[in-house]
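Accompanying notes for the structure given below.
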Amino acid sequence: MSEMQTKYWHVDNRVDVLKTYPQVKEAADLLKKNEVVAFPTETVYGLGGNALSDEAAAKIFAAKGRPADNPLIIHLASKQQAADVAVNISETAEKLMQAFWPGPLTIILAKQPNKLSDIVTAGLETVAVRMPDHPVALAVIQAAGLPIAAPSANRSGKPSPTSAKHVQDDLDGRIAGIVDGGETGVGVESTVVDCTGEIPVILRPGGITKEEIEAAVGETAIDAALTDTQKQPKSPGMKYTHYAPDAPVYLMEGSKEWIQSQVNRERQQGKKVGLLTTEENLSFYEADVILPCGSRKDLKTVAHSLYDVLRAFNETDVDIIYSETFSTEGVGLAIMNRLEKAAGHRWIRETSK
Ligand code: TXA
Ligand code: MG
């Protein structure tokens, strides 16, 4: 892939002035020309391209090095726009849009035939749609006047980017531009929920919790592959290893004292050990690199910092990374899903004596 000059714009997030920002217009003009541009959403940075164009879609897959069988989420600037790209929108789907859009919920619907690029949908009959809750994302999509396909703006396999710097680290020279709107808020991607059947099925846990979805629409299932690694996931993207730093990650289940003893054992063998911990436990440990990832008192803070911390380990020379683990309640389900992938499902457990 030939190197290109990546444009860089900085915007601040004041909603009222955004649409007139020349930076937003320039980014939108590039999207209209089927170039690909990264912008912030409330979850992670997305790499946007015209969802109606094979040319734009192919550029997204090439820039990321993304497998062709992994479809993209289409980003919309309004709820009404869903009817432009999807058909047979059920009452449940409508309720979910009313309850959570704009926001970190992606809904799988039957697609409008002959409209979207087949590269975007990876040839499926369904389409993933969401309306992001971020003034910069909404302004760019609206100014482009197009449905915008946007996967997370990382190289395939890397943790998703939660800052413009992360995007630059991965994609500088490979994309037309980056709109820097500061750090993202939620920190993990949107929840993906399949609304093509009788009851909604969560295919990827994310920013909106199962508990919140059930409160809005009642019974909700979770794709069996999320709890059973032997099963084939319904969301193509969920089968790939992801979010992985360069050093191997291990999920540590046990007391702080036991985790410290495991760290000591590795260090005695000459290994440099990194530890992903939380504010509560930070001062307890001794290791080569200790990075706090939010507070156990509020798992949203853990989600917010998770990818930044996973990426930060790559700037160190640790040989292995031990990570504390979290409950799977609320946003904990998304956190543990991403950590499991980062660790390739490697756990070390304190055996009861
Ligand atoms: O928060 C997010 O969702 C971010 C921001 C940028 O919006 N985007 C994001 O996109 O995470 P990406 O491409 O990294 O993940 C999209 C996920 C993948 O797991 C993909 O397989 C799934 O959505 N997906 C897309 N279309 C689908 C479909 N028709 N059926 C099932 N899963 C689908
Ligand atoms: Mg991604």
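The values are calculated or read from the model by the stated rules, or taken from the named source; none is laboratory data. Keep in mind the model is a prediction, meaning the values are calculated, not measured. Please note: Cβ atoms are built from the backbone with ideal geometry, for glycine as well, and neighbour counts cover all protein chains shown.
Can you confirm whether region 172-181 contains a residue that is in a loop (DSSP other than H, G, I, E, B), crowded, with 17+ Cβ neighbours inside 10 Å, among the basic types (Lys, Arg) and away from ligand 2 (no atom under 13 Å from the Cβ)?
If we filter region 172-181 for residues that are in a loop (DSSP other than H, G, I, E, B), which is where we start, we get 172-176, 181.
Pick out the ones that are also crowded, with 17+ Cβ neighbours inside 10 Å and you get 174-176, 181.
Restricting the remaining residues to those that are among the basic types (Lys, Arg) gives 174.
Those left that are additionally away from ligand 2 (no atom under 13 Å from the Cβ): 174.
Yes, region 172-181 has at least one match.
Would you call residue 229 closer than 22 Å to residue 276 by Cβ and either within 16 Å of ligand 2 (Cβ to nearest atom) or not acidic (Asp, Glu) (or both)? Don't jump to the end; show me each part of the working.
Details: closer than 22 Å to residue 276 by Cβ: yes; either within 16 Å of ligand 2 (Cβ to nearest atom) or not acidic (Asp, Glu) (or both): yes.
For residue 229, the condition - closer than 22 Å to residue 276 by Cβ and either within 16 Å of ligand 2 (Cβ to nearest atom) or not acidic (Asp, Glu) (or both) - is met.
Of everything in region 52-69, what is more than 16 Å from ligand 2 (Cβ to nearest atom) and outside any helix (DSSP H, G or I)? Give them in sequence order. Before you say what the answer is, go through the steps one by one.
Here is the first cut: in region 52-69, the residues more than 16 Å from ligand 2 (Cβ to nearest atom) are 52-56, 58-59.
Listed by number, the residues that qualify are 52, 53.
Regarding region 158-166, can at least one residue be identified that is within 29 Å of residue 10 (Cβ to Cβ) and without any contact (Cβ under 8 Å) to a residue 12 or more places away in the chain?
Checked region 158-166: at least one residue is within 29 Å of residue 10 (Cβ to Cβ) and without any contact (Cβ under 8 Å) to a residue 12 or more places away in the chain.
With the requirement that a residue be away from ligand 2 (no atom under 16 Å from the Cβ), aliphatic (A, V, I, L, M), farther than 21 Å from residue 84 by Cα and outside any strand (DSSP E or B), what does region 23-51 give you? Please lay out each step first, then the result.
Looking only at region 23-51, we keep the residues that are away from ligand 2 (no atom under 16 Å from the Cβ), and these are 23-35, 37, 50-51.
If we keep only those that are aliphatic (A, V, I, L, M) as well, we get 24, 27-28, 30-31, 37, 51.
Filter once more, so that each one left must be farther than 21 Å from residue 84 by Cα: 24, 27, 30, 37.
Within region 23-51, 24, 27, 30 meet the criteria.
Step by step: first the residues of region 114-133, then only those that are of a type outside the set (D, E, K, R) and touching a Phe, Trp or Tyr at 6+ places or on another chain (Cβ under 8 Å), then the one that is nearest to ligand 2 (Cβ to nearest atom). Which residue is that?
Initial filter on region 114-133 (of a type outside the set (D, E, K, R)): 114, 116-117, 119-124, 126-129, 131-132.
With the extra rule that they be touching a Phe, Trp or Tyr at 6+ places or on another chain (Cβ under 8 Å), the set shrinks to 119, 131.
On the way: 119: 16, 131: 18 Å.
Once the filter is applied, the top-ranked residue is 119.
Hey, can you tell me all the residues within region 261-280 that are touching a helix residue (DSSP H, G or I) at 6+ places or on another chain (Cβ under 9 Å) and either outside the structural domain of residue 342 (by TED's automatic domain parsing) or buried (at least 17 other Cβ atoms within 10 Å of the Cβ) (or both)?
273, 274, 275, 276, 277, 278
List pairs: first residue in region 297-309 and at positive phi and at pLDDT 95 or above, second residue surrounded by fewer than 20 Cβ atoms within 10 Å (Cβ to Cβ) and among the charged types (D, E, K, R) anywhere in the structure, Cβ distance under 7 angstrom, at least six positions apart or on different chains.
Note: no pairs meet the criteria.
Take the conditions within 14 Å of ligand 1 (Cβ to nearest atom) and either surrounded by fewer than 23 Cβ atoms within 10 Å (Cβ to Cβ) or under 23 Å from residue 35 (Cα atoms) (or both) and apply them to residue 140. Does it pass?
yes
Which of the following residues is of a type in the set (D, E, K, R) and within 11 Å of ligand 1 (Cβ to nearest atom): 64, 25? Spell out how you get there, then give the answer.
Working: 25 fails: within 11 Å of ligand 1 (Cβ to nearest atom).
Of 64, 25, the one residue that is of a type in the set (D, E, K, R) and within 11 Å of ligand 1 (Cβ to nearest atom) is 64.
Among the residues of region 143-157, write down those that are in contact with an Asp or Glu (Cβ under 9 Å, 6 or more places away or on another chain) and within 10 Å of ligand 1 (Cβ to nearest atom).
We begin by selecting, within region 143-157, every residue in contact with an Asp or Glu (Cβ under 9 Å, 6 or more places away or on another chain); these are 143-144, 147, 152-155.
Within region 143-157, 152, 153, 154 qualify.
Among the listed residues 109, 138, 96, 116, identify the single one that is assigned to a loop (DSSP other than H, G, I, E, B) and either without any contact (Cβ under 8 Å) to a residue 12 or more places away in the chain or out of contact with any His (no Cβ under 7 Å at 6 or more places or on another chain) (or both).
116
Answer yes or no: is there a residue in region 146-157 that is surrounded by fewer than 19 Cβ atoms within 10 Å (Cβ to Cβ), of a type in the set (A, V, I, L, M, F, W, C) and closer than 26 Å to residue 95 by Cβ.
Restricting attention to region 146-157, the residues satisfying the condition of being surrounded by fewer than 19 Cβ atoms within 10 Å (Cβ to Cβ) are 155-157.
If we keep only those that are of a type in the set (A, V, I, L, M, F, W, C) too, we end up with none.
The answer is no; no qualifying residue exists.
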